[in-house]
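J.: Here it is, the structure in full.
The values are calculated or read from the model by the stated rules, or taken from the named source; none is laboratory data. Please read these numbers as outputs of a predicted model, since none were measured by experiment. Note that each Cβ is placed from the backbone with ideal geometry, even for glycine, and that neighbours are counted across all protein chains shown.
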Ligand code: NAD
């Protein structure tokens, strides 16, 4: 059980981050939810998770594209036994047309934020005598696709940083691992379906099977619950000697 532990999950008001937060709360962890917005719904979400799982939960606004805000998030959390670096964005374009501001934003949010939150969290974990860092990388942290140079660079960077952090914490009761999802049906991915249907003149099922899941041999999306369960496992005592590695949740993508 993760009772009494506090989990900070970046980018957790939707998608995988929210799924991870839910599964950690189900295992008993207190939650710090985060995004770069701050709405009534964000605070209501924290309240409803607290009630559903009988844990404490708060929402803290912090923009993961800004290093100081990443570090301030850990400070404001008050405790940080589990750090899940999940916030991430995507942009798709050929490298010679890739907008500089998109490159910078992807590197800042998907890679630099992991540096800043981890740097701030490790002293807190060492003081507490226990810690888990789980980085949500991607199948694109292990393999590439065209037109995703920034995302692939950032996610490979996260996988590399995961290994360094694992070595630096190897003799502490702290582990650091990366989870590498294939395609997960989040609101972000769901929103791309209508456009892709129009672009290829295909029905929904064909778009999912032939376009989105073209490289996912299972021909099924991974779910946010499965991602949450994987993170919860990495936080369990069974995973105490698992560190510096990647765990793929990709329906066989990276076995191809
Ligand atoms: P999503 O858009 O549903 O969620 C992204 C989350 O990050 C949201 O909560 C958003 O508010 C937050 N976020 C974005 N910019 C932020 C910023 N500047 N500061 C703080 N928070 C910010 O996307 P998702 O699909 O749930 O993706 C979550 C993570 O999983 C990302 O790192 C993504 O790269 C990775 N991933 C997703 C898939 C997939 O198929 N959905 C596959 C592999 C990896």
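J.: Hey, can you tell me all the residues within region 131-141 that are touching a strand residue (DSSP E or B) at 6+ places or on another chain (Cβ under 7 Å) and either not in a strand (DSSP E or B) or not assigned by TED's automatic domain parsing to the domain that holds residue 169 (or both)?
T.: Scanning region 131-141 gives 137, 138, 139, 141.
J.: For residue 144, which of the numbered conditions (1) outside any helix (DSSP H, G or I); (2) away from the ligand (no atom under 14 Å from the Cβ) fails to hold?
T.: It fails just one condition, (2).
J.: For region 43-66, how many residues meet the condition of being out of contact with any helix residue (DSSP H, G or I) (no Cβ under 6 Å at 6 or more places or on another chain) and within 9 Å of the ligand (Cβ to nearest atom)?
T.: Within region 43-66, residues that are out of contact with any helix residue (DSSP H, G or I) (no Cβ under 6 Å at 6 or more places or on another chain) and within 9 Å of the ligand (Cβ to nearest atom) number 2.
J.: Out of all the residues in region 74-94, which are near the ligand (Cβ under 9 Å from one of its atoms), farther than 16 Å from residue 235 by Cα and touching a strand residue (DSSP E or B) at 6+ places or on another chain (Cβ under 9 Å)?
T.: Once the filter is applied, which keeps residues that are near the ligand (Cβ under 9 Å from one of its atoms), farther than 16 Å from residue 235 by Cα and touching a strand residue (DSSP E or B) at 6+ places or on another chain (Cβ under 9 Å), region 74-94 yields 87, 88.
J.: Identify, from the list 165, 184, 231, the residue that is over 18 Å from residue 92 (Cα atoms), within 14 Å of the chain's Cα centre (by Cα) and surrounded by 16 or more Cβ atoms within 10 Å (Cβ to Cβ).
T.: One residue alone meets the criteria, 231.
J.: Give me the residue from region 203-222 that is surrounded by fewer than 16 Cβ atoms within 10 Å (Cβ to Cβ) and in contact (Cβ under 8 Å) with a residue 12 or more places away in the chain and, out of that set, nearest to residue 86 (Cα to Cα).
T.: 220
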